[in-house]
Structure formats: structure tokens, C-alpha cells
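The structure appears below as C-alpha cells.
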Amino acid sequence: MTQRIAEHNKDRDRQLAEIRKSLGSNSIVLIGLMGAGKTAVGRRLAACLDLPFTDADCEIEAAAGQSIKEIFAEHGEAYFRTGERKVIARLLENGPQVLATGGGAYMDPDTREAIKAHGTSIWLKANLRVLMKRVGRRDTRPLLQVDNPETVMKKLIAERNPIYARADITVESREVPHDVMVSNIVDALSAQLAGGDA
């Protein structure tokens, strides 16, 4: 049994090394709605692959000297999206890394093009129940500062899922330990490489 575990670990190490090598200077870019787990899973994925982790929203806040909630309140969503586009374009030049993006980032055509040119996009696809359970834990989401956040989330799912579906890889985000999600993503990346798409 111990030998089987050792062999499994060796296979996993080989798999991770192949993924890192195939990335070159490109990034793994996590996309999806707020609450899909991009930051939590992204941190663990980066650690697993021995790559740096970058959270685009944190970088935007650092560049602006304000929280995203404050940027939305003071300048509006259009201003935020312009800054987001610039920051993500800059971050993509720092690969390889695991980059978690905000929910609306992938909706921008220029950002989608930049991600396609400099990364492998992974959509963490979660259903409404999972998303609402997760976003209810924090009140930092500007788009959900309304009387009925579930209605807003349903609208976002309808608008954004068809665009998210253009990602290179889709992984179902569900209520399982983060390590299971990371394992699913690693397997999906490995399968894509084996298919010669990377």
C-alpha cells in the first residue's frame, strides 16, 4: 500500500512538472462568478504547482489605494473596469503564475484576448445555491449591495455563463474540500496538455 502511495505521489509530481513546463511564461487564469472559489482554490493550486499566486482584485486595490467597494461607490463600474483591464494586462506579463480575476473581468473583450494570448483560462463553474451560500459570508461585493442579491446573481449567471463557457477549461466548483478542487483542476490541465491544446 505504501509503495502504491509513493508511486501515486511520483506520478503526481511528474504531472505537476509537465504542467509547469508547458506553461512557459504563460499564466493559469481563474475566471468565474463571485463566490466560485477563485481566490481560495487559486492559492492552493499555486502552492501545489509551486507558482506565485496573484489576486487581480488585490492588485487593483493596491494600484488605486482604495477598496473595490470604494472605487465602485466613488467612480462607478465603468471606471473600475478600465482600471481592471489595465491591471490584468500588466499582471499577465509576470507569468508563470496562478491569477485569480474578478467576476466581471472576463466579460471585457480586451481582457479575454490578453488572457488567451498569455494564459490558460479555467472557469470555476458553480450553481446558484453554492454561490449564494458563499457570497453571504462577506459584504464586500459591490454588485450585491441590493435588497435582493439572489435576483442579481441569477441575472449575472444568465449574462456571464455563456461568455465564461469560452474558457479553455471548465471545472465544476462544488461543496468539496479545496484540495479536491485543486486535484480536479490539475487533472483537467494535464488532460488538456495531453490533447496537445496547450
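Out of all the residues in segment 167-186, which are exposed (fewer than 13 other Cβ atoms within 10 Å of the Cβ) and either of a type outside the set (A, V, I, L, M, F, W, C) or in a helix (DSSP H, G or I) (or both)? Steps first, answer last, please.
Of segment 167-186, the ones exposed (fewer than 13 other Cβ atoms within 10 Å of the Cβ) are 175-177, 179-180.
If the condition is that a residue be exposed (fewer than 13 other Cβ atoms within 10 Å of the Cβ) and either of a type outside the set (A, V, I, L, M, F, W, C) or in a helix (DSSP H, G or I) (or both), then Glu175, Pro177, Asp179, Val180 are the ones that fit.
Filter segment 176-186 down to the residues that are free of Cβ contacts under 8 Å to residues at least 12 places away in the same chain and not hydroxyl-bearing (Ser, Thr, Tyr), then identify the one that is farthest from Gly35 (Cα to Cα). Break it down into steps so the answer makes sense when it comes.
The first filter runs over segment 176-186 and keeps only residues free of Cβ contacts under 8 Å to residues at least 12 places away in the same chain, leaving 176-177, 180, 183.
Still in the list and also not hydroxyl-bearing (Ser, Thr, Tyr): 176-177, 180.
Details: Val176: 14, Pro177: 15, Val180: 17 Å.
Step by step, filter segment 176-186, then rank; the result is Val180.
So, Thr54, is that one part of a helix (DSSP H, G or I), closer than 25 Å to Glu172 by Cβ, of a type in the set (Ser, Thr, Tyr) and out of contact with any Cys (no Cβ under 8 Å at 6 or more places or on another chain) or not? Talk me through it step by step, then tell me what you get.
Working: part of a helix (DSSP H, G or I): no; closer than 25 Å to Glu172 by Cβ: yes; of a type in the set (Ser, Thr, Tyr): yes; out of contact with any Cys (no Cβ under 8 Å at 6 or more places or on another chain): yes.
For Thr54, the condition - part of a helix (DSSP H, G or I), closer than 25 Å to Glu172 by Cβ, of a type in the set (Ser, Thr, Tyr) and out of contact with any Cys (no Cβ under 8 Å at 6 or more places or on another chain) - is not met.
Could you list, in sequence order, the residues of segment 45-82 that are charged (D, E, K, R) and either closer than 18 Å to Asp108 by Cβ or open to solvent by less than 70 Å² (accessible area, probe 1.4 Å) (or both)? Explain how you work it out, then say what you get.
Here is the first cut: in segment 45-82, the ones charged (D, E, K, R) are 50, 55, 57, 59, 61, 69-70, 74, 77, 81.
Across segment 45-82, the qualifying residues are Asp55, Asp57, Glu59, Glu61, Glu77, Arg81.
If I go through segment 23-44 residue by residue, how many of them are open to solvent by 30 Å² or more (accessible area, probe 1.4 Å) and at positive phi? Walk me through it before giving the result.
Kept after step one, since they are open to solvent by 30 Å² or more (accessible area, probe 1.4 Å), are these residues of segment 23-44: 24-26, 39-40, 43-44.
So of that shortlist, the ones also at positive phi come out as 24.
Here the count works out to 1.
For Ala89, only one of the following conditions fails: (1) of a type in the set (A, V, I, L, M, F, W, C); (2) surrounded by fewer than 23 Cβ atoms within 10 Å (Cβ to Cβ); (3) not in a helix (DSSP H, G or I). What is its number?
Going through (1) of a type in the set (A, V, I, L, M, F, W, C); (2) surrounded by fewer than 23 Cβ atoms within 10 Å (Cβ to Cβ); (3) not in a helix (DSSP H, G or I) one by one, Ala89 breaks only (3).
The values are calculated or read from the model by the stated rules, or taken from the named source; none is laboratory data. Note that this is a predicted model, so its numbers are computed, not measured. Ideal geometry is used to build each Cβ from the backbone, glycine not excepted, and the neighbour counts take in all protein chains shown. Note: areas computed on protein heavy atoms with side chains; ligands, DNA, RNA excluded. Shrake-Rupley method; radii C 1.70, N 1.55, O 1.52, S 1.80 Å.
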